[in-house]
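Enquirer: Provided herewith is a single structure, encoded as structure tokens, for subsequent inquiry.
The values are calculated or read from the model by the stated rules, or taken from the named source; none is laboratory data. Bear in mind the structure is a predicted one, so any value in this text is a computation, not a measurement. Every residue, glycine among them, receives a Cβ derived from its backbone with ideal geometry; neighbour counts consider all protein chains shown.
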């Protein structure tokens, strides 16, 4: 309801598609910037629009803690709260509960944990997470899953994967229950001031039609991945699929192999979202293997540490060799950092702990990945994804002292 | 040469003027955002242009330390380095040397000090500061002066004021020497990439015609202020005047009285720059007393601490009462923070230590002061500065629980 996926062209296993949501369309493959706490760190929504971002992420765990999903609902939902009118996907917090929270107790019912912010006791169940994600009002909502460390044993991986599917069924049941118990035109509880023309009108935003995506787990175990995909598909006709538990320390070859396994096991007709990926090389290798959507904190997090993605590989702006470098961060980039400022200036900002530096670095890096996905899409439309990707990766992986 | 000041209208001691510089004009009275380290903290030059900033500040002390004034010169000067094509004023660092640096030794020659960044030994003289400010290439450059704590004795105030005038004479001599020894079309040493269209062309920017402004000191001692103004005027026909040593802890009445004293002692035909001021009420009281230019870190620094200027006084966004407040920071403001976001959202960003929050708060506060100065200018043109200012201050000073 309100969601669809059309494939405009295929090239090998790669696909150029259009994913439609109630808040607009997403040309795929697409990179989704991560807006954990209702903000893509350091960036303004206008920056994201200007660089062509179609869809961004929010995080249910973080937003539940701050400012609270009830507060977000009261303010009209996440789109309105953060001033982003395009599609949003919320992660369920499954990863955060298992990586950030302290003193976790996992049962079949759910996960009891202490907030990493203030130590308060919290309890996440599939039902509670669905309520949270409904309060936030994102277009795509991820199931609450049982996340385990990478490199877990097959026994642990199976246990977590099977629990995740049982939790998926509960997520689906709760979502349907909530959709029926909350009327379609539930206005926000707050009156919005009439003299704020740029805020979208509230009535059309709540409640949303939301697409629940399951998450295929199974570690680096081929048969577990296949079983999980099969079991998930038998539960429901899903609007799209998340692929979790990769890019968590495993070998690249193992990761790429699992993507191929899951690509085979999932319907070609629906979008595949590879969670937490990633770096430029991983984006391209995954696109070649049938992935449509990506998210990763690397561009912003690494940007805030001075790392810069360029066509010729990564550099770190704090190096003294850039002190008087008049070139842009990436001479081939047309983002608003690269068309206006020099490496010398951005380096100065960064080593002086100036916030504008963090913003320009993040802006460039996010633009870089958005642009990379766009270029890959064009290559698929042109029918030369493999050769284009090979050439792109070859240049990226070759650190040329002359080029950089 | 390249500088002029025209008064479009007067109202009492207040003046609406146009200050012309080689990088464009400034409608006065004007607030100048402070870009200490070649960036107005958290803000993008495009933000500043959008909110109508005409002129900004840089600081010779800070830029000498990082990235180094030689680096700025090599990158084509401060305008080009930071991407600001409009007028710039650099403060000489007199205040910073006396407030930030450690282990200072003051002699008639100059000030020996240790950098607050890395403890390296530095020596500032009027001659060295002129070289620094010439390397930076700002339009208006402030003299190097002997700054002393507020509330100093009359003896100390006289000593510092008289030394400042001797240093002023040396500044002027050095500036003239530099202007003659460095040819008018001194191109930057770096070639700039041709494919960076938004960078201004180098040749037209260096070296600049620079206007040296003296600084009238004298503490809160009327006759010292008059003597300083007289002595300064006898040295040269200055293009404008700085007024220092106020808003450093003295009583408001004393500050306003000194402004009146200096207003009488300086020519009406030239711009008066009240350094380090300030808060909304001080801006208006100073404008009524003949001040044309202002600078202050309060909007950005206080913004980064959650303080917000509104027409109804100041508020602090971290208060829980704003947690679900759907109103903009200031319902009467049309800055891009107030037309797009709610207090609830900005509060969430601020308490979550999100950088976008710092930027939106700074953006609003700077816009607030720019807008206040513009409104005062309009009131002068309308001939009702006093009544307009009285009404504005009355509303600002009355904290109404209903209004805020």
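Enquirer: Restricting attention to region A:305-322, which residues are surrounded by fewer than 17 Cβ atoms within 10 Å (Cβ to Cβ) and within 23 Å of residue B:68 (Cα to Cα)?
Expert: A:305, A:316, A:318, A:319, A:320, A:321
Enquirer: Separate question: Given A:365, A:316, which one is touching a strand residue (DSSP E or B) at 6+ places or on another chain (Cβ under 6 Å), closer than 22 Å to residue B:359 by Cβ and at pLDDT 95 or above?
Expert: Result: A:365 is the single residue among A:365, A:316 that is touching a strand residue (DSSP E or B) at 6+ places or on another chain (Cβ under 6 Å), closer than 22 Å to residue B:359 by Cβ and at pLDDT 95 or above.
Enquirer: Okay, moving on. If you check residue B:89 against the conditions, is it touching a helix residue (DSSP H, G or I) at 6+ places or on another chain (Cβ under 6 Å) and surrounded by 23 or more Cβ atoms within 10 Å (Cβ to Cβ)?
Expert: No; evaluated as a whole, the condition is false for this residue.
Enquirer: Okay, next question. Do we find that residue B:143 is surrounded by 24 or more Cβ atoms within 10 Å (Cβ to Cβ), touching a strand residue (DSSP E or B) at 6+ places or on another chain (Cβ under 9 Å) and over 21 Å from residue A:351 (Cβ atoms) in this structure?
Expert: Yes: the conditions hold for residue B:143.
Enquirer: (1) over 23 Å from the mean Cα position of the chain (by Cα); (2) within 23 Å of residue B:397 (Cα to Cα); (3) within 14 Å of chain A (Cβ to nearest Cβ); (4) not in a loop (DSSP other than H, G, I, E, B): which one isn't true of residue B:327, the others all being true?
Expert: Residue B:327 satisfies all of (1) over 23 Å from the mean Cα position of the chain (by Cα); (2) within 23 Å of residue B:397 (Cα to Cα); (3) within 14 Å of chain A (Cβ to nearest Cβ); (4) not in a loop (DSSP other than H, G, I, E, B) except (4).
Enquirer: Is it the case that some residue within region B:40-55 is in contact with a helix residue (DSSP H, G or I) (Cβ under 7 Å, 6 or more places away or on another chain) and closer than 11 Å to residue B:136 by Cα?
Expert: no
Enquirer: A further question on this structure: So which residues in region B:341-395 are within 14 Å of another protein chain (Cβ to nearest Cβ), part of a loop (DSSP other than H, G, I, E, B) and either surrounded by fewer than 18 Cβ atoms within 10 Å (Cβ to Cβ) or touching a residue at least 60 places away in the same chain (Cβ under 8 Å) (or both)?
Expert: B:353
Enquirer: For region B:227-279, name all the residues that are in contact with a strand residue (DSSP E or B) (Cβ under 6 Å, 6 or more places away or on another chain), closer than 20 Å to residue B:16 by Cβ and assigned to a helix (DSSP H, G or I).
Expert: Passing the criteria: only B:262.
Enquirer: Which of (1) within 14 Å of chain A (Cβ to nearest Cβ); (2) in contact with a helix residue (DSSP H, G or I) (Cβ under 8 Å, 6 or more places away or on another chain) does residue B:334 not meet, given it meets every other one?
Expert: That leaves (2) as the condition not met.
Enquirer: Is it the case that some residue within region B:332-339 is in contact (Cβ under 8 Å) with a residue 40 or more places away in the chain, crowded, with 24+ Cβ neighbours inside 10 Å and more than 25 Å from residue A:73 (Cβ to Cβ)?
Expert: So far as region B:332-339 goes, no, none of its residues is in contact (Cβ under 8 Å) with a residue 40 or more places away in the chain, crowded, with 24+ Cβ neighbours inside 10 Å and more than 25 Å from residue A:73 (Cβ to Cβ).
Enquirer: Related question: Anything in region B:86-115 that is modelled with pLDDT of 95 or more and under 30 Å from residue B:48 (Cβ atoms)? List them, or say none.
Expert: Once the filter is applied, which keeps residues that are modelled with pLDDT of 95 or more and under 30 Å from residue B:48 (Cβ atoms), region B:86-115 yields B:86, B:87, B:88, B:89, B:90, B:91, B:92.
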